[in-house]
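There's a structure below that I have some questions on.
The values are calculated or read from the model by the stated rules, or taken from the named source; none is laboratory data. In this text, all values refer to a predicted model and were calculated from it rather than measured experimentally. In this analysis, Cβ positions are derived from the backbone assuming ideal geometry, glycine residues included, and neighbour counts consider all displayed protein chains.
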Amino acid sequence: MTEQQKDKPSENRQDNQKPERRSAWLDKHQSSQQDDIIHVLRTTQQHHVTLGMMADQKANIILGAFLIFITVTQSVLEKYNMYNIPIWTLSAFFTVSAIFALLVIAPRFRSINPKSARPSNLLFFGSFSILSQNEYIQTMKDNLQNNEQARSLIMKDIYQIGMVLDKKYTNLRFSYISLGLGIVTSSIIFAVLNLNIN
C-alpha cells in the first residue's frame, strides 16, 4: 500500500468532521439567538412591571397627601373663615386629583364568560382564574410546546401590561394636572383676597 493510499482515510475523516463542526456551530449560534430573544422579552416585561409599580407609588403619595390635607383643612377652616373660598377651591381640585389617583391603583378585570371565552393571557391570574387547575395545566402544556409559542405568550403579556400602563399613566397625568390647577387657582384667589383686605 502506497503512502498516498494511507493518507486518503485521514483526509476523508477530516472532510467528514468539517460538516459536523459546522452543524454544531450553527446549532450553538441558533441557540444563542433564541436566548437573546427571550432575554429581550423578559427585560421588557420586567421594565413594564417596574413602571406599573412606579405609577402605583405616585398615586399612593397623592392619596396620602389628600388624607393629610383633609385633616389639616378642618382646623384651618375653623380658625380662618376669610380663606374659605381658596381652601374649598383647592379641596375640590384635590378631590378630583384623588379620584384619578384611585383609578390608577384600582384593579381592573375584564368580564369573561366562562362558557365561551378562552383566557386571553395565560400569564395573568385575572385571565386564567376562570379555569380549573387541571384545565390551566393542560392549556399551558398545549401553548408551551416550543420556543415560538413561549415567546408568543410573553408578547401577549407585554402588550396587555402596556395597555394597563397606558391607562394608569393617563389617569396619573390627569391627577397631577388637577392638583396643579387647584394649587394655582387657590393661590390666585388667596392673593386677591389678601390684596382686598390690605
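Taking Gln33 and the conditions (1) modelled with pLDDT of 90 or more; (2) under 23 Å from Ile158 (Cα atoms); (3) out of contact with any Lys or Arg (no Cβ under 9 Å at 6 or more places or on another chain), which numbered condition does it fall short on, given that it satisfies the others?
(1)
With among the hydrophobic types (A, V, I, L, M, F, W, C), in a helix (DSSP H, G or I) and either over 30 Å from Arg173 (Cα atoms) or out of contact with any Leu (no Cβ under 9 Å at 6 or more places or on another chain) (or both) as the only criterion, which of Val76, Val104 stands out?
Sole residue among the options that is among the hydrophobic types (A, V, I, L, M, F, W, C), in a helix (DSSP H, G or I) and either over 30 Å from Arg173 (Cα atoms) or out of contact with any Leu (no Cβ under 9 Å at 6 or more places or on another chain) (or both): Val76.
Being modelled with pLDDT under 90 and either out of contact with any Lys or Arg (no Cβ under 9 Å at 6 or more places or on another chain) or exposed (fewer than 11 other Cβ atoms within 10 Å of the Cβ) (or both) is true for just one of Ser91, Ser75. Which residue is that?
Ser75
Something else now. Criterion first (modelled with pLDDT under 85, part of a helix (DSSP H, G or I) and closer than 23 Å to Thr185 by Cα) does Leu67 satisfy it?
Taking the combined requirement at face value, the residue does not satisfy it.
Next question, about the same structure. Is at least one residue of region 160-171 among the hydrophobic types (A, V, I, L, M, F, W, C) and more than 23 Å from the chain's Cα centre (by Cα)? Give the steps one after another, and end with the answer.
Looking only at region 160-171, we keep the residues that are among the hydrophobic types (A, V, I, L, M, F, W, C), and these are 161, 163-165.
Checking which are more than 23 Å from the chain's Cα centre (by Cα) leaves us with none.
Within region 160-171 (the criterion being among the hydrophobic types (A, V, I, L, M, F, W, C) and more than 23 Å from the chain's Cα centre (by Cα)), the answer is no, since none of the residues qualifies.
Can you tell me which residue within region 125-179, out of those that are among the aromatic types (Phe, Trp, Tyr) and either modelled with pLDDT under 90 or under 30 Å from Trp88 (Cβ atoms) (or both), is surrounded by the fewest Cβ atoms within 10 Å (Cβ to Cβ)? Explain how you work it out, then say what you get.
In the first step, residues of region 125-179 are kept if they are among the aromatic types (Phe, Trp, Tyr); the result is 125, 128, 136, 159, 169, 174, 176.
Now narrow it down to the ones that are either modelled with pLDDT under 90 or under 30 Å from Trp88 (Cβ atoms) (or both): 125, 128, 136, 169, 174, 176.
Values: Phe125: 10, Phe128: 18, Tyr136: 15, Tyr169: 16, Phe174: 17, Tyr176: 15.
Per the criteria, the residue is Phe125.
Could you say which residue among Met140, Met155 is hydrophobic (A, V, I, L, M, F, W, C), within 21 Å of the chain's Cα centre (by Cα) and not in a loop (DSSP other than H, G, I, E, B)? Spell out how you get there, then give the answer.
Working: Met140 fails: within 21 Å of the chain's Cα centre (by Cα).
Every option except Met155 fails the conditions.
Then there is this: Can Gly52 be described as in a helix (DSSP H, G or I), modelled with pLDDT of 75 or more and in contact with a Lys or Arg (Cβ under 7 Å, 6 or more places away or on another chain)?
For Gly52, the condition - in a helix (DSSP H, G or I), modelled with pLDDT of 75 or more and in contact with a Lys or Arg (Cβ under 7 Å, 6 or more places away or on another chain) - is met.
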